[in-house]
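Trainee: Handing you this structure, nothing more for now.
The values are calculated or read from the model by the stated rules, or taken from the named source; none is laboratory data. This structure is a prediction, so every number in the text was calculated from the model and none was measured. Methodologically, a virtual Cβ is constructed for each residue, glycine included, from the backbone with ideal geometry; neighbour enumeration extends over all protein chains shown.
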Amino acid sequence: MILTGPEIEKQVQAQRINITPFGKERVNPNSYDLALGEEVGVYPDWVACNEVPRGGTENGQYFCPISHGCIDSKREPKFRKFKMTQTQGWVLLPGIGYLMHTEEVVHSSHFVPVLDGKSSIARLFISVHETAGYGDIGFNGQYTLEVTVKHPVVVYPGMRFCQIRFHHPEGEILDYSKASQGKSHYRDENARGPVPSMVWKQFEDSLS
């Protein structure tokens, strides 16, 4: 069962859903619009982060994919973060995977959050996430977005970029915030801003 927009607002008022910051104007018929945060992350093993001319803000237009770059999923990947500006935004280029994030911090210990793109964003052929659309009950943080494009597009922090909906769970609830650290890598400081993959930790955990 999916919550309607008015029910999302009601549950926010009851503090069973927490969205910070929250604006009533972003409530849709059965979802809530989330904005794009200001940080962008890339893997240097895949992307050449070239020097920026004119001393300006580092921007996607100065990046290019590396033809033979490779990440070993068994090892912690190199990761670089940059900040967008309201005036320059960020040029998203085909062939590059960008880790971005929601501006809002979202938390609920009562409902299953599901994140997806907005139709207006999809019509620019921007993919907001690869496969990680479902959130966990009890997750408390900003959502990392795995963003790719088919054509160059400039995006800006604060623009409405994706939407979140909430579903009623059935059965016993296993709260993400109460899970052991080995089962919940993306919390606390790892639930703010764009966070790289921690798949390598499963190999580390298997040795302990």
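Trainee: So, Ile164, is that one out of contact with any Asp or Glu (no Cβ under 9 Å at 6 or more places or on another chain) and of a type in the set (Val, Ile, Thr) or not? Lay out the reasoning, then the answer.
Mentor: On the way: out of contact with any Asp or Glu (no Cβ under 9 Å at 6 or more places or on another chain): no; of a type in the set (Val, Ile, Thr): yes.
When the stated conditions are applied, Ile164 does not pass them.
Trainee: Could you grab the pairs with beta carbons closer than 7 Å, sequence gap of 6+ or different chains, first residue in the stretch 111-125 and within 20 Å of His167 (Cβ to Cβ), second one charged (D, E, K, R)?
Mentor: Filtered contacts from the stretch 111-125: Val114/Arg165; Lys118/Asp33; Lys118/Arg160.
Trainee: Would you tally the residues in the stretch 1-22 being more than 22 Å from the chain's Cα centre (by Cα), over 19 Å from Gln142 (Cα atoms), assigned to a loop (DSSP other than H, G, I, E, B) and modelled with pLDDT of 95 or more?
Mentor: 2
Trainee: Does Val195 count as at pLDDT 85 or above, under 22 Å from Tyr43 (Cβ atoms) and not in a strand (DSSP E or B)? Show your work before the answer.
Mentor: Numbers: at pLDDT 85 or above: yes; under 22 Å from Tyr43 (Cβ atoms): yes; not in a strand (DSSP E or B): yes.
So Val195 passes the test.
Trainee: Would you mention how many residues in the stretch 27-49 are of a type outside the set (Asp, Glu), in contact with a strand residue (DSSP E or B) (Cβ under 7 Å, 6 or more places away or on another chain) and not in a loop (DSSP other than H, G, I, E, B)? Steps first, please.
Mentor: At the first step, the residues of the stretch 27-49 found to be of a type outside the set (Asp, Glu) are 27-32, 34-37, 40-44, 46-49.
Of the ones still in play, those that are also in contact with a strand residue (DSSP E or B) (Cβ under 7 Å, 6 or more places away or on another chain) are 28, 30-32, 34-37, 40-42, 44, 46-49.
Add one more test, that the residue is not in a loop (DSSP other than H, G, I, E, B), and what stays is 32, 34-36, 40-42, 47-49.
Looking only at that region, the number is 10.
Trainee: Name the residues in the stretch 132-164 that are of a type in the set (D, E, K, R), over 12 Å from Ile121 (Cα atoms) and touching a helix residue (DSSP H, G or I) at 6+ places or on another chain (Cβ under 8 Å), would you?
Mentor: The one that is of a type in the set (D, E, K, R), over 12 Å from Ile121 (Cα atoms) and touching a helix residue (DSSP H, G or I) at 6+ places or on another chain (Cβ under 8 Å): Asp136.
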